[in-house]
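Scroll down for the structure; my scribbles are underneath it.
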Amino acid sequence: MNKAITDGIVFMPPAFGDGLNLWSSENGTPGSATYAGAANAAIVPADPDFGGCLELLKTDATQKLRAMGETPILPGCYLRVTARVKAVSGNLPGVRIAAYPVDGSGAHVSGLAETGPEVTLSAYGEVVTVSAILGTGLRGGVDMAWSPAVAGAHVGLNLTGATGGVVRIDDIVVEDATEVFHRKLMDWVDVRDYGARGDGVTDDSAAFEAADAAANGRAVLVSAGSYHLADHVTFESPVRFEGTVSMPAGRRLTLTRNFDLPAYIDAFGDELEGFKRALAALFNYSDHDSLDMKGRRIDLGAPIDVQAVVGNKTTHAIRQVIRNGQFNALDSTGWNTDTVSSQASYSTANPTQLTGVANVANIPVGALVEGLGVGREVYVTSKNVGAGTLTLSRPLFDAVGTQTYTFKRFKYILDFSGFASLSKFVLADVEFQCNGRASGVMLAPDGLIFHARDCFFTSPKDRGLSSPGRGCQGMMVDRCQFLSNEQAMRSQDRSTIALNCNANDVKLRDNRVVMFAHFAVLGGSGHIISSNHWFQGDSESNAVRQAGLVLTSTNVKTTVTGNYIDNNFIEWSNEHDPVPDHGNELSFGGLTITSNIFMASDVANWFRWIVVKPVGAGHYIQGMNISGNVFKSTISNIQRVDRVDSTYAGLDMSRARNVVVEGNSFNGVDQVISNPVTRQFDINTDSSVWNCDFAGFLPFGGQARIAAAVVPENGIRNGANALVHAAPYAVTGQGASNTVIALHWPEAVRGRVQVTARMDNPV
């Protein structure tokens, strides 16, 4: 910074040759005595050292020399006043720069230093330079540090010591010396000052590191230019980018003091490249737990392969977060689904492997598997080209032998499947604008505690969030919005799925899910599904609906609590069981469905909200609680709320155990269900055997296995109209469907009883 150059400000006092009336023997203020006509002052036109100069005889104890004009004093501007002096004869004096500070009105500003360091002349004819720096800041190296009240100064010098000496003085020079303090005045250092070329070719890595080391708490400026960095560069100081950088794919720029997406966009001059570089730094200890996108949107024409971006890691287990931004899928062929059909063989001896896979090299890892006997959401987790095998995320339930499979590799905005394992990764406040072109996020095949919170998955083409393996163990999805791209379609025509999992202990909480084929396809067990709202209706009359929540394991150990389940149903199957017929394993159990709102509108009367679908024989229910729910159908009634889908097999209801269905509310439902259930039976004709039929009232077509209570009302009477005090004995499981409890009395009687039946063995 030089105000004389940049602003045209004149700091220099006049030359002595311009007239001694311009120079004062006092303070230089208006009315001061000048050297014009003074006996002790003369102009020497041709001094061999100075050319034209002033010759001055020292007659006062302190001989003053001050310019009559004011040199402007500006805040933040520092002036160096310099004089060249030599003794000619007589006593040798001391010399020091001096200046008289005045305010804007020309009045003296007192209490300030007005002289610089003194130099004593020691020989005749020797040229001595004296100087001092003045300005409005108290800094090291400033000889006259003045207050902001000073607006100008009458500059010059003082001669001190004995009188009688004669000195010659060259023209006094005043120059802007702010650049001396430039680095201390500015809160940054420039990489170019440390050798950076910025030509796009020279490796500027060392210069960047040197600038960072020199910053010492200040910021680093990457001034205009294109800087090539051939090596890793880490800044421990804040960085501001006017220029841009380029780096090889395997090198990282780490900004530890301003680690956010806008800084990386500035650094690399491109949003996508900036995001990738920031992501690589995040995984390599950027000194931050999260990458803040600062609300920026990244436009994409193809998936981001996160592992390829990171490059140097295949596993990661330190908590990392991407937060506060948006990804936008552009119209591009980069989102096209890769589809491959190939013949392969399957055996239950190795239930998660396909062997003899034709064309195995062309089948992409992460592809969805479709074929006969393949359950929903089965993915390819790895392949062995040499052996011709594929490893699957889940077993197949009815695919023994050889057939042709279809493999579909959807394209995801963020694809983590290149990692072998990824744990504790968080997406927070991120929107995936899939635009019907891309899917949202694919997890790694292994890992723990993936967490999506407060995110939007908007219009995914095929999937919102996919787990191709067990990277979903302990996954949490909280307060997210899943908005289907198929909202205008009939429910039964939709194919997109919001999310799936294969492992255990998933938590789905407070999410809103709009008009997908399925909200969630959940393998594994130990899940908590609470306070979500998922709805899958359409404008059809007498409409068909699809499952919203699909559970694919028998003993699920899962709670579904406090949800709003709107125009869809819960389907419970064992479609990921390689040997689906019941053997020694636990059967359908461990499911709690409580305090939910079940809603349906204008659906076919055979619609059901809770469906059990065994894909193998011999299964039964061994622990289920359906309590405190509200079931409501509008426009038209449905027959009942529960069903066993016997497409593949039914349930063995003779083995049902620990089934609790109570405290539910039914509206627009023809047949209520309960277990235990109490019914009133009025027998008006004398009979010794009363057949009490519970058909319809017992859940899932259950049998009347236990008569828990028989309570007569108003007395039981015989043919003589006499009260009968004898109790009947009950024979359960009677009738064609085993839904009748036969009460046997010691004689023919009539009357009313309240009978409580159970479809299960409660212990």
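Bear in mind these aren't lab numbers, they're just calculated from the coordinates by the rules spelled out. Model, not experiment: these values are computed from the prediction. Using ideal geometry, Cβ is built from the backbone for each residue, glycine included, and neighbour counts are taken over all protein chains shown.
Expressed as an acute angle from 0 to 90° and rounded to the nearest 10, what is the orientation of the C-alpha long axis of helix 205-215 relative to the principal long axis of the chain? Orientation of helix 205-215: about 70 degrees from the principal axis. Within the shell defined by Cβ-Cβ distances under 12 Å, the residues around S688 carry a net charge of -1, with Lys and Arg each +1 and Asp and Glu each -1. Normalised by 2.2 N^0.38 Å, where N is the number of residues, the alpha-carbon radius of gyration of region 677-758 equals 1.06. Relative to the current alpha-carbon distance between V128 and M489, full extension at 0.36 nm per residue lengthens the span by 120.5 nm.
In plain terms, the residue of E377, E486 with the fewest other Cβ atoms within 10 Å comes first and the most crowded comes last, giving E486, E377. Using only the Cα atoms of the chain, build the gyration tensor, take square roots of its eigenvalues as a ≥ b ≥ c, and label the shape rounded, prolate or oblate: rounded if a/c is under 1.5, else prolate if a/b is larger than b/c, else oblate. Because a/c hits 1.5 or more and a/b exceeds b/c, the chain counts as prolate. Shape of region 533-594 from the C-alpha gyration tensor: oblate (a/c of 1.5 or more and a/b not above b/c, with a ≥ b ≥ c the square roots of its eigenvalues). Does a label point 7 Å from the Cα of L330, set along Cα-to-beta-carbon, have any residues of region 291-323 with amide nitrogen under 15 Å, and which are they? Under 15 Å, as judged by backbone N against the label point of L330, lie 297-304 of region 291-323. Listed by Cβ neighbour count within 10 Å, with the fewest neighbours leading, M475, M489 appear as M489, M475. Taking every DSSP beta bridge that has both ends in the chain, the antiparallel portion is near 45%. Legend: distances between Cα atoms for K64/K86; K411/K461; K424/K507; K383/K408; every pair falls at or below 18 Å.
Tell me the net charge near N27. Cut-off is 12 Å between Cβ atoms, N27 excluded, with +1 for each Lys or Arg and -1 for each Asp or Glu. After counting each charged neighbour, the total is -1.
Could you state the number of Å between the C-alpha centres of region 714-762 and region 62-90? Here the two parts' Cα centres lie 124 Å apart.
Rounded to 0.05, the FRET efficiency of the A727 and V672 pair, given R0 = 30 Å and the Cβ-Cβ distance, is 0.60. With each label modelled as a point 7 angstrom along the Cα→C-beta vector, the V385-V340 pair spans 0.9 nm.
So if each residue of separation counts as 0.36 nm, and I subtract the Cα-Cα distance between T163 and S110, what length gain in nm does that give?
Stretched out fully, the T163 to S110 stretch lengthens by 16.3 nm.
In this structure, A39 and A15 have a Cβ-Cβ separation that, at R0 = 30 Å, corresponds to a calculated FRET efficiency of about 0.85. What's the local net charge at L121, with K and R +1, D and E -1, over the other residues with C-beta under 13 Å away? Around L121, the surrounding residues sum to +3.
Label separation (E747 vs N637): 4.2 nm, computed from points 7 Å beyond Cα along the C-beta direction.
By definition, a body whose alpha carbon gyration tensor gives a ≥ b ≥ c is rounded when a/c is under 1.5, and region 338-409 falls into this rounded group.
About the Cα centre of region 184-242, what is the dipole size in debye to 20, counting +1 per Lys and Arg Cβ and -1 per Asp and Glu Cβ, all else neutral?
Numbers: 5 positive and 11 negative charges, 44 e Å.
Here region 184-242 has a charge dipole of around 220 debye.
Using the Cβ-Cβ distance between T62 and E179 with R0 set to 35 Å, the FRET efficiency works out to roughly 0.60.
Using Cβ point charges alone (K and R +1, D and E -1), the dipole size of the chain about the Cα centre works out to roughly 2300 debye.
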